[in-house]
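Novice: Starting off with a structure, shown below.
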Amino acid sequence: MMHIFNEACATASPQAGHRLADIPAHDPFIVTDQATQTYYLYTGGSPRLHDMDRYGVLAYKSKDLASWEGPFIVFEIPDNVWANPQHGAWAPEVHEYAGRYYLFVTLHNNDRLLEGEGHGGFPMQWRGTAIAAADTPMGPFVMLKPDAPAVPEQLMTLDGSLYVDEEGAPWMVYCHEWVQTADGTIEAVRMKEDLSDSCSEPLHLFSGSDAPWDNGEHPGGQAASMYVTDGCQLYRTSGNRLVMLWSTYDRGSYVQTIARSVSGRLEGPWEQLAPLVFDDSGHGMLFQTFEGDWMLILHSPFRMPESRCKLYDMTDTGESFVVAQARPDLDGSLPESGQRESERPA
């Protein structure tokens, strides 16, 4: 029987007055909605943590970034699609594009195996980004392509993000899973104008091993390293420099880092800049407040259910973005002691 989204299942016991420190969250994404003067925070929702009958996407809303109302269920994986509703929903992003709101979310089907043996002891299976559309930031979001991910299903991919190039053409930038490649990559595919499917071969941007520090894992004394690429998202600075947030590991700990396109275009080449935040923190995104100030939101530590959102004021230097200060007054976390993350050497 097809599972139909309806308004009756659009809440998961929402309450007002949450601080970010109260909300278990992973891979957070914020939309600043000018029309309603509301911030919308998106994160994955699960049966174990949120009393849902299947995986999906949750939203919280706030007027000031300090007090949040939610959670609201804005997407649930339906039956009779390529993904399994019981196998997870990762890294939701919501982008306003061509008059609608588009959800990008990584889904899975652990029962649909791919040929070959995965690295690190993980199986090769269907994993990729689904795109769903809605008329409002609160959904309900409906999948555009029910039968397969946006990137061909033979590729294990994750963390798809929308990028619109200088000519107005839409692209999906995504991570090619290290489980399949050992050295994870960040790639891009051109999308159809309505975002219903990809319409080009993958374009290689850079590899996880391009980071200028030892971010590889060496399981069981193996000679070969495995390099993680997560959370790729693109932004323009005030100086028209194209930069990309992405996450990987630094000596075994999750790290939020940043790269910059030398050409100023998606195809690069890409240079790796100094990481922004250490201390098992990452998969962040940049957003602007209603006052026009840049902020970074990410999760720390990596593992759920301990993971929480952290906020940082950012400075747009024209050449890149750098951390100005942490904002525990907004996110409800305790101030860090000792050296600031942004000042720690790579």
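Novice: Report the local net charge at residue 136: Lys and Arg +1, Asp and Glu -1, summed over other residues whose C-beta lies under 11 Å from its C-beta.
Specialist: -2
Novice: Counting pairs on different chains as well as pairs 8 or more places apart, how many Lys pairs in region 10-343 have Cα atoms under 29 Å apart? Walk me through the numbers before you get to the answer.
Specialist: Details: 61/145; 61/310; 63/310; 145/192.
Final tally of qualifying lysine pairs is 4.
Novice: Would you mind calculating the relative contact order of region 10-343 from Cα pairs under 8 angstrom and at least 6 residues apart, reporting the percent as a whole number? Let's see the in-between values first.
Specialist: Working: 925 pairs, mean separation 46.3, N = 334.
Relative contact order of region 10-343: 14 percent.
Novice: Cα centroids of region 140-216 and region 54-93: how far apart, whole angstrom?
Specialist: Answer, in whole Å: 21.
Novice: Using a Förster radius of 22 Å, what is the FRET efficiency between residue 324 and residue 291 based on their Cβ-Cβ separation? Nearest 0.05, please.
Specialist: 0.95
Novice: By how many nm would the segment from residue 303 to residue 262 lengthen if fully extended, with 0.36 nm per residue of separation less the alpha-carbon distance?
Specialist: Between residue 303 and residue 262, full extension yields an extra 11.4 nm.
Novice: Please give the calculated 222 nm ellipticity per residue for the chain, where each DSSP H segment of at least 4 residues contributes -39500 (n - 2.57) and the sum is spread over every residue; nearest 500 deg cm²/dmol? Show your work: numbers first, answer last.
Specialist: Values: 3 runs with 12 residues, N = 346.
-500 deg cm²/dmol, from helical runs alone.
Novice: May I ask you to derive the FRET efficiency for residue 35 and residue 154 from their Cβ-Cβ distance with R0 = 45 Å, giving the value to the nearest 0.05?
Specialist: Numbers: r = 40 Å, r/R0 = 0.90.
Efficiency, rounded to the nearest 0.05: 0.65.
Novice: Got a sec? Charge dipole of region 14-173, +1 on Cβ for Lys and Arg, -1 for Asp and Glu; which of 163, 24, 132 is way out at the positive end?
Specialist: Working it through, the farthest residue towards the positive pole turns out to be 24.
Values in this text are rule-based calculations from the coordinates and carry no lab data. Keep in mind the model is a prediction, meaning the values are calculated, not measured. Positions of Cβ are generated from backbone atoms using ideal geometry, with glycine treated the same way; all protein chains shown enter the neighbour counts.
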